[in-house]
Every structure is written in structure tokens, then in C-alpha cells.
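Since the structure comes first, as C-alpha cells, the remarks are kept for the end.
Please treat every number below as a calculation from the coordinates, not as lab data. Please read these numbers as outputs of a predicted model, since none were measured by experiment. With ideal geometry, Cβ positions are generated from the backbone for all residues, glycine too; neighbour counts draw on all protein chains shown.
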Amino acid sequence: MGDDASVFRTTVRIPTASGDDLEAWVYQPDGHGPHPAVVMAHGFAGVKAGGLEPFAERFCREGFTAVAFDYRHWGGSSGEPREATSIPRQREDYRTVIDWAAANPDIDAKRIFIWGTSFSGMHVVEIAATDVRLRGAIAQCPLVDGLAGTKNVPLARLLRLVSVGSLDKLGSLVGRSPIYITASAAPGEFGAISSEDAIAGLSLITPPKGTDWHNRVAARSLLGIGAHRPVRKAANIRCPILMIVAETDTIAPVGPALRVADRAPKSQLHRSRGGHYGPYKGGEDHDNVVRVEIEFLHRHAALSPAS
């Protein structure tokens with residue numbers, strides 16, 4: 001399909017075991033199904049309305065059903081408190097949406113891919129190593145080693161983040177409202193990510209006005225990230241995986257992502273131009289990255305699962 005092909009988007013709500021539900025945008029291609037599908041979610045403190053649509057629309061025009069969803073507690077999905085991140089819960093959400101896609105008669109359950117960017121790249125690598133149903137996976141500028149990411153943070157700011165996060169966690173145990181901190185902040189300002197790259201990329205992931213998003217995150221969300229290191233499971237990834245690794249990423253450490261590409265048996269590596277936000281629409285390498293991702297999807301959707 002070309003860029004002039006129609007894109008139809010519907011909004012669905014997918015129930016979770018917790019009783020909350022996930023809001024997903026489903027981009028359905030023309031023609032009779034079942035179609036291959038790409039399950040997508042955003043990175044740390046991001047929502048689907050903040051930069052995922054250009055990718056989802058392109059995948060849809062190429063004949064793939066794109067399913068972009070918000071995690072519980074974020075965006076259009078339910079869950080309280082708002083804007084609180086849990087790595088185990090977000091991985092459960094990915095699996096819930098994969099289950100939904102596999103049960104959808106318009107989707108080919110044998111040709112489901114997952115896609116993640118930045119923080120959600122961590123989930124993609126973990127799930128690719130543990131879910132045998134996947135036809136393939138795409139991890140874009142991914143954080144694949146939480147410990148390495150933590151070590152990137154200057155010690156004084158790290159100690160302050162841990163202190164505020166611990167205070168917020170303790171408060172949550174007695175029912176207090178979250179302590180929120182800025183998600184993407186300028187250098188010298190206090191935030192979960194404080195750098196020139198974070199501010200430069202903020203406009204690329206900021207959703208339209210009226211979206212439930214405030215560039216903030218509950219401080220408790222930062223606790224325990226260092227314990228999650230899916231880079232160590234790279235050799236267990238049996239499906240094809242495309243690693244998009246930026247040439248000058250100062251947010252997600254490049255070394256661990258390159259190790260995933262080296263150790264995963266069916267990996268493909270693409271070094272994107274520019275920094276962490278280069279692949280987004282408006283970034284320096286968006287068109288090239290999307291081209292590589294579409295080529296990967298087509299190639300592996302056409303192959304038999306064992307290929």
C-alpha cells in the first residue's frame with residue numbers, strides 16, 4: 001500500500017485482570033483480513049497520543065493492523081492514581097493487548113509483532129524473550145538495562161530522586177496522593193529525565209491539547225528501575241528483533257542495546273542518525289527509521305514462523 005491508502009482508526013477498551021481497562025487505538029487496513037498486527041505502546045511517562053500515530057498510520061497503510069494503547073493509569077486508560085508507572089504492570093498490559101489481538105478474528109494470531117520505544121523497549125526485549133507467540137519485535141532507542149540507565153544519573157540527583165520516590169511510596173501505603181515530579185526537565189532542573197535531549201524531544205512527544213497528560217510522573221515510579229535488566233535475556237529471544245539504536249543517544253545507554261543486537265539469534269541492528277528522539281516525526285531520522293521498520297515487518301510477516 002502507498003501513503004494515499006485509507007487509514008481507519010477506532011477506539012476500543014480492553015479489560016484487564018485488575019478491573020481497569022486499557023484504551024487502544026486500532027488502525028485497520030483496507031481489504032479482507034485477517035491482517036498481521038503490531039502492538040504498540042509509548043515510553044516512560046508517554047501516551048499514545050504523543051507521537052505514536054505517525055508510526056501506526058504508516059504501518060496500517062502497509063497492511064498491518066496497528067494497535068496503540070495506553071498503560072493503566074495513563075492517557076485514556078483507567079486506573080488510579082494517575083500517571084504512576086509500574087514495570088510489571090506495564091508488561092502485563094502488553095500481554096493483555098497481545099491476548100486481545102490474538103483473539104481478534106480480523107488479526108492473524110500467527111503474525112503479531114510488538115513495538116516499543118525508549119522505556120517500552122525494555123518491555124519489548126523482555127516479552128520477546130518470553131512470549132513464543134510473537135512473529136517479531138521492534139525496540140526503538142530502547143532502555144534495555146535499568147541499572148545502566150540509573151548509573152547515567154548524576155549521584156546528587158539520583159539520591160534526591162530516590163529520596164522523593166521513597167517518601168511517595170511510603171505515602172501511598174497510607175493512602176496519600178502521589179508526589180509528582182516533572183518527567184522531562186531542562187538541565188539543572190529537577191525531573192525524572194533532566195537533559196538538553198529531554199527538552200529538545202519534549203515537543204515531539206507532547207500530545208494535542210485536551211489529552212490527559214501533564215509531563216509528570218508519580219515519584220514512586222522511579223524506584224526499582226535498576227533491577228530490571230532484560231539485556232541479560234537477549235540470547236533467549238527466538239523471534240526476529242529489530243534494534244533501532246541511535247548514534248548519539250544520551251538518555252538510553254547505547255552499549256546494552258548493542259549487546260542485545262549482538263546476542264539475540266535473529267537480530268537486525270539499525271543505527272539511526274541523531275539522538276534519542278531522532279526516530280519521531282519531526283526528528284532528524286524519522287523517515288529512514290520508519291522505512292527500516294516497515295521493511296522488517298514485511299520481510300518477517302511473509303516468512304513462515306520457523307524462518
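Structure data summary
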| quantity | calculated |
| --- | --- |
| Options (1) 0.94; (2) 1.06; (3) 0.99 - which one matches Cα Rg over 2.2 N^0.38 Å as calculated here | (1) |
| Filtered chymotrypsin sites (Phe, Trp or Tyr not before Pro), the stretch 169-223: DSSP coil and at most 13 other beta carbons within 10 Å | F190 |
| Sparsely packed trypsin sites (Lys or Arg not before Pro) within the stretch 142-250, loop by DSSP, other Cβ within 10 Å at most 12 | R176, K209 |
| Alpha-carbon centroids, the stretch 266-307 and the stretch 114-158: separation in whole Å | 16 |
| Nonlocal amide H pairs with T65, under 5 Å, H built at 1.01 Å | A37, V38 |
| Mean residue ellipticity (222 nm) of the chain, computed from DSSP H runs ≥ 4 via -39,500 (n - 2.57), nearest 500 | -10000 deg cm²/dmol |
| Loop sites in the stretch 1-101: GluC sites (Glu not before Pro), DSSP, at most 16 other Cβ within 10 Å | none |
| Cβ crowding within 10 Å averaged over residues, with 291-302, 269-280, 133-144 ranked highest first | 133-144, 269-280, 291-302 |
| Subset of K48/K110; K48/K151; K209/K281; K169/K209 violating a 22 Å alpha-carbon distance limit | K48/K110; K48/K151; K169/K209 |
| Surface/4 estimate of mean projected area, convex hull on alpha-carbon atoms of the stretch 220-307, nm² | 6.9 |
| Overall form of the stretch 187-249 per C-alpha gyration tensor (a/c, 1.5; a/b vs b/c) | prolate |
